[in-house]
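Encoded as C-alpha cells, the structure appears first; notes follow it.
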Amino acid sequence: MESIQTKTILLVEDDQISGRMYQNTFLVHGIECTLVATGEEAFEKLKNFLPDLILLDVKLENSIDGFTILEMIKKDSKLQKIPVWLLTNIWETGNREKGVSLGAEDFIGKTNILPLDLVKKVKKRLGLV
C-alpha cells in the first residue's frame with residue numbers, strides 16, 4: 001500500500017484572524033499549514049522545515065517586509081527552489097513586477113480570491129488535483 005505524502009505550506013501572515021482562517025481552510029482540505037507572523041519566525045521554522053510552498057504576505061507589522069524575506073529565501077541555496085507566492089492587499093504600482101523580479105512565482109490579491117479558490121489554486125500547484 002502506497003503512503004500518501006502530505007503537502008505542506010508555510011504561511012507568513014501577521015494578521016492572526018486571516019492567518020488562522022487560511023490555516024484552517026488548508027487543513028480541512030488536507031494540506032498541512034504552518035503559520036508564522038514575522039520573517040524572523042519564518043526563517044527560524046525554515047531551519048528544520050522545508051515546505052512545498054511558501055505563502056508570504058507583503059506587508060508585515062513588526063517584521064521585515066515580504067519582498068525582503070523573498071529576496072533572502074531566493075539567495076539561500078537550501079530554500080531557493082521552494083516556490084513562493086506573495087499575498088497582499090497592497091496594489092501599489094510596480095509591486096507585482098518587483099515580486100516577480102525577486103523570484104515570486106505568483107502575486108495574489110487577498111481581496112481578489114476566496115479562501116477556497118486559493119486552496120484550489122494551491123492544490124493544483126502541488127499536484128493534488
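Looking at the chain, identify the longest residue range that excludes and avoids all chymotrypsin sites (Phe, Trp or Tyr not before Pro) in DSSP loops having at most 14 other Cβ atoms within 10 Å.
So the longest stretch without any such site is 1-48.
Which of the residue pairs K75/K124; K45/K81; K7/K124; K47/K81 have a Cα-Cα distance greater than 19 Å in the structure shown?
On the way: K75/K124 26 Å; K45/K81 16 Å; K7/K124 12 Å; K47/K81 15 Å.
Table pairs above 19 Å Cα-Cα are K75/K124.
The string of couplings for the range 39-52 from the Karplus curve (6.51, -1.76, 1.60, θ = phi - 60°) is x, 4, 5, 4, 5, 5, 5, 5, 5, 10, 9, 10, x, 7 Hz, one whole number per residue in order, with x for Gly and Pro.
Database remark: amide H of I9 closer than 5 angstrom to the amide H of E32, C33, T34, D52 (H placed geometrically; neighbours at sequence offset of 5 or more, or on other chains; Pro and chain starts carry no H).
Residues whose amide H falls under 5 Å from that of I108, counting only those 5 or more places apart or on a different chain, are L86, L87, T88, with hydrogens built in the peptide plane.
Across the chain, how large is the tail of the calculated P(r) beyond 26 Å, expressed as a percent of all Cα pairs?
Details: 1209 of 8256 pairs.
Value for the chain: 15 percent of Cα pairs lie more than 26 Å apart.
What value, in deg cm²/dmol to 500, does the helix sum -39500 (n - 2.57) over DSSP H runs of n ≥ 4 give at 222 nm once divided by the residues of the chain?
On the way: 5 runs with 50 residues, N = 129.
The per-residue figure over the chain is -11500 deg cm²/dmol.
The range 16-34 and the range 48-81 have their alpha-carbon centroids 18 Å apart.
Across the range 8-123, the mean sequence separation of Cα contacts (distance under 8 Å, 6 or more residues apart), normalised by length, yields a relative contact order of 24 percent.
Put a plus charge on the Cβ of each Lys and Arg, a minus charge on the Cβ of each Asp and Glu, and nothing anywhere else: the dipole of the range 8-123 about its Cα centre is then about 380 debye. Calculate how steeply helix 16-28 sits against the longest principal axis of the alpha-carbon atoms of the chain, using the helix alpha-carbon long axis, and give the answer as 0 to 90 degrees to the nearest 10. With both axes taken from Cα atoms, the answer is about 30 degrees. Karplus-based coupling profile of the range 69-79, in residue order and whole Hz: 4, 4, 4, 5, 4, 6, 8, 8, 4, 6, 10, with θ = phi - 60° in 6.51 cos²θ - 1.76 cosθ + 1.60 and x standing for Gly or Pro. Inter-label distance, E97 to K47: 3.9 nm, where each label sits 7 Å from its Cα along the C-beta direction.
Only loop residues by DSSP count here, and only those with at most 12 other Cβ atoms within 10 Å; note down the GluC sites (Glu not before Pro) in the range 27-129 that meet that.
On the way: sites: E32, E40, E41, E44, E61, E71, E92, E97, E105; in loops: E61, E92, E105.
Sparse-neighbourhood loop GluC sites (Glu not before Pro): E61, E92.
Label-to-label distance for K123 and K78 is 3.3 nm, based on points extended 7 Å past Cα in the beta-carbon direction.
Read the figures in this text as sums done on the coordinates, not as results from a lab. Only a predicted model underlies this, so the values are computations on that prediction, with no experimental measurement involved. Reconstructed Cβ throughout: ideal geometry from the backbone, glycine too, with neighbour counts over all protein chains shown.
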